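Okay, so here's the structure we're looking at.
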Amino acid sequence: MFISNNKFYQTTSFSEIYSDFQYYKMIWRILDIFFIFFHTGMIIFGLIGWIWKKTRRLNLIVLGIIGSSWLFLGLIVGMLGYCPLTDWHFNVLEKLGRTGLPNSYIKYLADRLTGLDFNTNLVDSVTLYIFLAALILSIILNVRDVVRKRKL
């Protein structure tokens, strides 16, 4: 027992501390799973959302947000390719004790899913080229849709 601000506090037992630790660890694991599904879902939608006419406009918006984050937020934080979702997810993983995380979520995901250790430069290059291809396709198809709609 100790005194603080004229109040008596009992020290917490080890089992209560361990119980709290387990509770927070479970929360961090749930957040990890959430980020895996949400972040990966955003990536997949960014890559293929241009395929369906109903999702093309949203796809272009998502790709614009991704590109803006990579460029403008990247310039602000000092790392081109910066993604806040990656930052938040990696903070969760660090709470779970993971260390040595790469700068790229795509590399992390590829390594985690395959158990391999992909070359960082290769992953970053492929990611950029595929992003640019999806962005170009989305722009072309969105412009085409607008032109066709005006002709009707």
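Values quoted throughout were computed directly from the atomic coordinates according to the rules given, and no laboratory measurement underlies them. Please read all numbers here as calculations on a predicted model, not as lab measurements. Here Cβ is always computed from backbone atoms with ideal geometry, including for glycine, and neighbour counts include all displayed protein chains.
According to a simple spin-label model (label point 7 Å from Cα along Cα-to-Cβ), what is the distance in nm between residue 33 and residue 45?
Spacing of the two 7 Å Cα→Cβ label points: 2.1 nm.
Anyone know which of 119, 103, 59 comes out most mobile in the 10 Å Cα GNM of the chain?
Comparing 119, 103, 59 in a Gaussian network model of the chain, the most mobile one is 119.
Kindly express, to the nearest 10 degrees and within the range 0 to 90, the angle between helix 14-48's C-alpha long axis and the longest C-alpha principal axis of the chain.
0 degrees
What number comes out for the charge environment of residue 104, summing +1 per Lys or Arg and -1 per Asp or Glu over other residues with Cβ under 14 Å away?
-2
For a quick check of your reading of the filter: which trypsin sites (Lys or Arg not before Pro) in the stretch 49-104 sit in a DSSP loop and have no more than 15 other Cβ atoms within 10 Å?
Those satisfying the criteria are 98.
If the elastic network links every pair of Cα atoms under 10 Å, which of 52, 28, 70 fluctuates the most in the Gaussian network model of the chain?
Checking each option, the largest mean-square fluctuation is seen for 52.
Say we join alpha carbon atoms closer than 10 Å with springs in a Gaussian network model of the chain; which of 97, 41, 64 then has the biggest fluctuation?
Looking only at 97, 41, 64, the largest GNM fluctuation is found for 97.
Summing +1 for each Lys or Arg and -1 for each Asp or Glu, what net charge is found among the other residues whose Cβ lies under 12 Å from the Cβ of residue 91? It would help to have the intermediate numbers written out before the result.
Numbers: positive: 95, 98; negative: 32, 87, 94.
Taking every Cβ under 12 Å from that of residue 91, the sum is -1.
Mind jotting down the three principal axis lengths of the chain based on Cα atoms? Whole angstrom, largest first.
Taking max minus min along each principal axis of the Cα atoms, the chain gives 80, 38, 29 Å.
Note down the magnitude of the dipole of the stretch 20-151 about its Cα centre, charges +1 on Lys and Arg C-beta and -1 on Asp and Glu C-beta and zero elsewhere, to the nearest 20 debye. Don't skip to the end; give the middle numbers.
On the way: 15 positive and 8 negative charges, 213 e Å.
Charge dipole, the stretch 20-151, about its Cα centre: 1020 debye, nearest 20.
So if R0 is 22 Å, what FRET efficiency would residue 52 and residue 85 give, r being the distance between their Cβ atoms, rounded to the nearest 0.05?
Values: r = 23 Å, r/R0 = 1.06.
Taking R0 as 22 Å, the efficiency between residue 52 and residue 85 is 0.40.
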